[in-house]
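Asks: I have a structure here, written as structure tokens, and I will follow up with some questions on it.
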Amino acid sequence: MDKIDLEKLRKLNNQHVIKVVQEAIKLCKPAKVTVITDSKEDINYVRELALAIGEEKKLKMEGHTIHFDGYYDQARDKANTRYLLSEDVDWGIELNSIEKKKGLKEIYSYLDGSMAGKEMLVRFFSLGPTNSIFSILALQITDSAYVAHSEDLLYRPAYEEFKKLNGSSDFFFFLHSAGRLEKGVSVDIDKRRIYIDLEENRVYSVNNQYAGNSLGLKKLAFRLAIKKANEEGWLAEHMFIMGVHGPHNRVTYFTGAFPSGCGKTSTAMIPGQTIVGDDIAYLKKINGIVKAANVENGIFGIIRDVNPQDDPLIYRALTTPRELIFSNVLINDGIPYWLGMGKDIPEKGINHSGEWFKGKKDNDGNEIDCSHKNARYTIRLNALENIDSKANDPTGVPVQAIIYGGRDSDTTMPIVESLSWSHGVFIGATVESETTSATIGTQGVRKHNPMANLDFVSVPFKTYIENHLKFADGLKEVPKIYATNYFLKDESGNYLNSKLDKKVWVLWAEGRVHHEFEAIKTPVGLIPKYEDLKTLFIRVLNKDYTEAEYTQQFSLRVVKYLEKMERMSKIFENIQMPAAFTEELTTQTERLKETRIKFGEDIISPFEFLDIK
Ligand code: SPV
Ligand code: MN
């Protein structure tokens with residue numbers, strides 16, 4: 001480390017920072033160490049370094065670059081992501097862990113000398129807006145300029161904030177090495193490991209580049225934050241935050257958790273609404289109000305199917321000059337192409353498999369798509385025209401509604417409001433997402449993904465749910481909770497709803513927050529009245545919504561719901577759960593059984609339910 005860099009570290013007046021940097025240098029043995037402050041010059045240095053070492057390449061459009069992750073490094077590696085645990089804990093749900101001493105020994109051996117001949121970057125960021133009750137400071141050490149550059153786009157710089165720590169060790173620490181590179185890509189994939197130390201608030205990650213594995217501040221920090229939130233009584237959630245724009249210029253803030261493929265981004269990007277964040281939210285109670293802040297400052301979004309028709313705002317951001325990183329798309333003559341972009345795709349180019357041509361197969365004989373299905377773009381949130389005016393408010397935005405979005409073809413109604421907060425927690429904890437089957441006609445496999453957070457919950461599941469249940473205590477206004485399902489199908493396998501319909505569901509929920517609509521009470525929650533939806537469909541989509549459509553979409557599929565309750569009972573019979581949760585499961589099952597007996601039908605029209613709230 002040269003004198004200037006050393007001085008930058010010393011200026012922080014923090015022995016803990018010095019210590020972890022020293023230890024990282026001793027272990028990883030870099031040829032050079034560079035400390036990056038919040039200055040334009042330093043941040044520009046990172047951008048240039050990513051190009052110089054070949055982790056990114058310039059594209060034709062100004063500011064655009066391409067990064068490739070290795071062919072076998074295209075998504076989060078769940079199998080090799082483990083918690084380092086000193087003692088056995090009953091987690092309730094399955095959790096991938098390794099005995100701490102053994103795990104540390106293993107990952108240290110992979111990190112040992114991992115930066116030989118390379119440059120170590122030392123970076124400082126804030127999770128959440130700086131200078132706010134939401135901020136958690138994070139120190140990132142990496143030898144990947146792509147990782148450091150991505151974090152510039154996705155998080156708020158916080159070198160100056162570290163000075164305000166006054167020497168405390170109250171920060172998260174991430175040590176990452178991409179390991180051995182060939183053509184700018186990590187090659188020792190068999191030695192890829194991501195080990196999380198919840199006791200020390202630190203994460204080690206090695207031999208990878210894909211952001212979900214490598215960027216400390218994304219899903220790695222998220223796991224540390226969930227533990228912290230559970231200890232301190234707030235929520236760290238896998239949620240978007242959006243402003244829903246109701247009548248009379250009213251803005252009502254919603255958060256939403258959806259497993260992947262269930263409509264999370266498309267909900268956050270509903271035309272006419274504004275976005276605060278698309279992936280991770282912190283929720284805290286401030287003076288009896290739930291406030292939420294976006295942990296991030298940018299979007300690491302799936303690019304597949306982003307086209308001018310379905311995602312005009314994102315498409316525009318991706319096709320105009322600005323600082324942005326494409327990853328794992330097809331490049332032909334300096335221009336990016338991806339699946340579902342609504343344009344003709346060239347028959348050759350460069351992609352994550354190297355030189356690519358149409359029909360190219362991988363080692364397993366599978367045809368390689370032009371771009372990976374999980375190919376991504378990384379942009380700052382302010383690249384989007386629909387960014388909310390309060391996106392950076394250090395006091396967060398007030399949350400009045402929470403959506404849990406699942407996916408099934410035959411059970412859950414398009415939108416249901418919970419009967420209470422604890423019923424809403426139950427709805428969130430029983431979210432299922434149906435994988436689409438390759439064989440036409442066969443039923444999809446339903447995966448249980450509580451709060452869309454199954455991969456990240458870092459405390460015993462009972463504790464996690466208990467924390468949710470308690471969160472409503474002392475609130476002046478308890479947020480309403482909704483379940484959505486955009487994927488109901490008819491007997492012939494056609495979707496019952498168009499992609500645009502979700503705008504009506506969300507605006508109905510917004511109106512409910514402001515007591516503008518009545519709702520019909522069913523055994524599974526409160527559903528819209530036909531007249532209200534009819535009016536909203538005309539106003540919002542200029543569409544005639546028929547009574548027949550309503551009846552088909554909002555009928556209670558009581559047998560299917562009972563099957564879901566059975567699946568949930570099976571899952572939860574082996575997990576210690578809070579009494580309030582078990583009570584919700586039992587009473588909802590009972591309500592469904594009684595209704596089934598009362599009506600003697602498998603599917604019950606919404607008009608049969610008379611209780612109006
Ligand atoms: C997700 O998979 O939930 C993502 C992308 O948001 S990743 O960064 O891989 O976690
Ligand atoms: Mn995510």
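The values are calculated or read from the model by the stated rules, or taken from the named source; none is laboratory data. On a predicted model such as this, the values are computed, not experimentally measured, just so you know. Quick reminder, even Gly has a Cβ in these numbers, built from the backbone with ideal geometry, and neighbours come from all protein chains shown. Surface areas here come from the heavy atoms of the whole protein model, side chains and all, with no ligands, DNA or RNA. Shrake-Rupley method; radii C 1.70, N 1.55, O 1.52, S 1.80 Å.
Asks: For a quick check of your reading of the model, give me the residue pairs whose first member lies in the stretch 65-93 and is within 28 Å of G301 (Cα to Cα) and part of a strand (DSSP E or B), whose second is hydroxyl-bearing (S, T, Y) and within 16 Å of ligand 2 (Cβ to nearest atom), with beta-carbon atoms closer than 7 Å and at least 6 apart or on different chains.
Replies: Every condition considered, the pairs that remain are H67/S327; Y83/S458.
Asks: For E434, which of the numbered conditions (1) open to solvent by less than 30 Å² (accessible area, probe 1.4 Å); (2) modelled with pLDDT of 95 or more; (3) outside any helix (DSSP H, G or I) fails to hold?
Replies: Tallying (1) open to solvent by less than 30 Å² (accessible area, probe 1.4 Å); (2) modelled with pLDDT of 95 or more; (3) outside any helix (DSSP H, G or I), E434 fails exactly one: (2).
Asks: I would also like to ask the following. Would you list the helices (runs of 4 or more DSSP H) that sit entirely within the stretch 476-559 and hold 2 or more residues that are polar (S, T, N, Q) and out of contact with any Cys (no Cβ under 6 Å at 6 or more places or on another chain)?
Replies: 547-554
Asks: Only one of these conditions is not met by S260: (1) open to solvent by 20 Å² or more (accessible area, probe 1.4 Å); (2) within 12 Å of ligand 2 (Cβ to nearest atom); (3) at pLDDT 95 or above. Which number is it?
Replies: It is condition (3) that S260 fails.
Asks: Among the numbered criteria (1) surrounded by fewer than 19 Cβ atoms within 10 Å (Cβ to Cβ); (2) basic (K, R); (3) part of a helix (DSSP H, G or I), which one does K8 miss?
Replies: Result: K8 fails condition (1) only.
Asks: Looking at S266, is it of a type in the set (S, T, Y), touching a residue at least 12 places away in the same chain (Cβ under 8 Å), within 16 Å of ligand 2 (Cβ to nearest atom) and surrounded by fewer than 24 Cβ atoms within 10 Å (Cβ to Cβ)?
Replies: yes
Asks: Could I ask something else about it? Would a scan of the stretch 370-384 turn up a residue that is touching a helix residue (DSSP H, G or I) at 6+ places or on another chain (Cβ under 6 Å), surrounded by fewer than 20 Cβ atoms within 10 Å (Cβ to Cβ), at pLDDT 95 or above and not β-branched (V, I, T)?
Replies: yes
Asks: Right, another one. Answer with yes or no whether K462 is more than 27 Å from E573 (Cβ to Cβ), of a type in the set (K, R) and surrounded by fewer than 22 Cβ atoms within 10 Å (Cβ to Cβ).
Replies: Against the criterion (more than 27 Å from E573 (Cβ to Cβ), of a type in the set (K, R) and surrounded by fewer than 22 Cβ atoms within 10 Å (Cβ to Cβ)), K462 does not qualify.
Asks: Then there is this: Which residue, of S169, S214, is surrounded by fewer than 18 Cβ atoms within 10 Å (Cβ to Cβ) and modelled with pLDDT of 95 or more?
Replies: Sole residue among the options that is surrounded by fewer than 18 Cβ atoms within 10 Å (Cβ to Cβ) and modelled with pLDDT of 95 or more: S169.
Asks: Can you tell me which residue in the stretch 329-381 is nearest to L59 (Cα to Cα), limited to those that are of a type in the set (S, T, Y) and in contact with a Leu (Cβ under 8 Å, 6 or more places away or on another chain)?
Replies: Y337
Asks: Another question, if that's okay. Inspect the stretch 318-340 for any residue being open to solvent by less than 40 Å² (accessible area, probe 1.4 Å) and at pLDDT below 95 and give the result as yes or no.
Replies: So far as the stretch 318-340 goes, no, none of its residues is open to solvent by less than 40 Å² (accessible area, probe 1.4 Å) and at pLDDT below 95.
Asks: Pairs under 6 Å by beta carbon, first residue open to solvent by 10 Å² or more (accessible area, probe 1.4 Å) in the stretch 293-308, partner of a type in the set (S, T, N, Q) and within 13 Å of ligand 1 (Cβ to nearest atom), six or more apart or different chains?
Replies: F300/T378
Conditions (1) within 16 Å of ligand 1 (Cβ to nearest atom); (2) in a loop (DSSP other than H, G, I, E, B); (3) within 27 Å of N485 (Cα to Cα); (4) β-branched (V, I, T), marked per residue:
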site: T378; (1), (2), (3), (4): yes, no, no, yes
site: N382; (1), (2), (3), (4): no, no, no, no
site: D393; (1), (2), (3), (4): no, yes, no, no
site: Y404; (1), (2), (3), (4): yes, no, yes, no
site: S409; (1), (2), (3), (4): no, yes, yes, no
site: T412; (1), (2), (3), (4): no, yes, yes, yes
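Asks: So for the stretch 190-209 (the condition being open to solvent by less than 30 Å² (accessible area, probe 1.4 Å), part of a helix (DSSP H, G or I), within 16 Å of ligand 2 (Cβ to nearest atom) and out of contact with any Phe, Trp or Tyr (no Cβ under 6 Å at 6 or more places or on another chain)), does at least one residue qualify?
Replies: The answer is no, given that none of the residues of the stretch 190-209 is open to solvent by less than 30 Å² (accessible area, probe 1.4 Å), part of a helix (DSSP H, G or I), within 16 Å of ligand 2 (Cβ to nearest atom) and out of contact with any Phe, Trp or Tyr (no Cβ under 6 Å at 6 or more places or on another chain).
Asks: In addition: Quick one: which residue in E160, E151 is of a type in the set (D, E) and open to solvent by less than 10 Å² (accessible area, probe 1.4 Å)?
Replies: E151 is the lone residue from the list that is of a type in the set (D, E) and open to solvent by less than 10 Å² (accessible area, probe 1.4 Å).
Okay, residues lined up against (1) open to solvent by 20 Å² or more (accessible area, probe 1.4 Å); (2) more than 18 Å from Y545 (Cβ to Cβ):
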site	(1), (2)
L469	yes, yes
D473	yes, yes
A483	no, yes
L488	no, no
G493	yes, yes
W508	no, no
H515	yes, yes
E518	yes, no
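Asks: Continuing with this model, one more query. Within the bounds of the stretch 230-239, is there any residue that is of a type in the set (A, V, I, L, M, F, W, C) and closer than 30 Å to K343 by Cα?
Replies: No, the stretch 230-239 contains no residue that is of a type in the set (A, V, I, L, M, F, W, C) and closer than 30 Å to K343 by Cα.
Asks: Can you name the residue in the stretch 206-259 that is on the phi > 0 side of the Ramachandran plot and touching a residue at least 24 places away in the same chain (Cβ under 8 Å) and, of all such residues, is farthest from ligand 1 (Cβ to nearest atom)?
Replies: Only one residue fits best here, namely G233.
Asks: Give me the residue from the stretch 72-99 that is over 23 Å from the mean Cα position of the chain (by Cα) and of a type outside the set (A, V, I, L, M, F, W, C) and, out of that set, nearest to ligand 2 (Cβ to nearest atom).
Replies: D90
Asks: Would you check if L507 is over 21 Å from M413 (Cα atoms) and of a type outside the set (D, E, K, R)?
Replies: Considered against the rule, which asks whether it is over 21 Å from M413 (Cα atoms) and of a type outside the set (D, E, K, R), L507 comes out as no.
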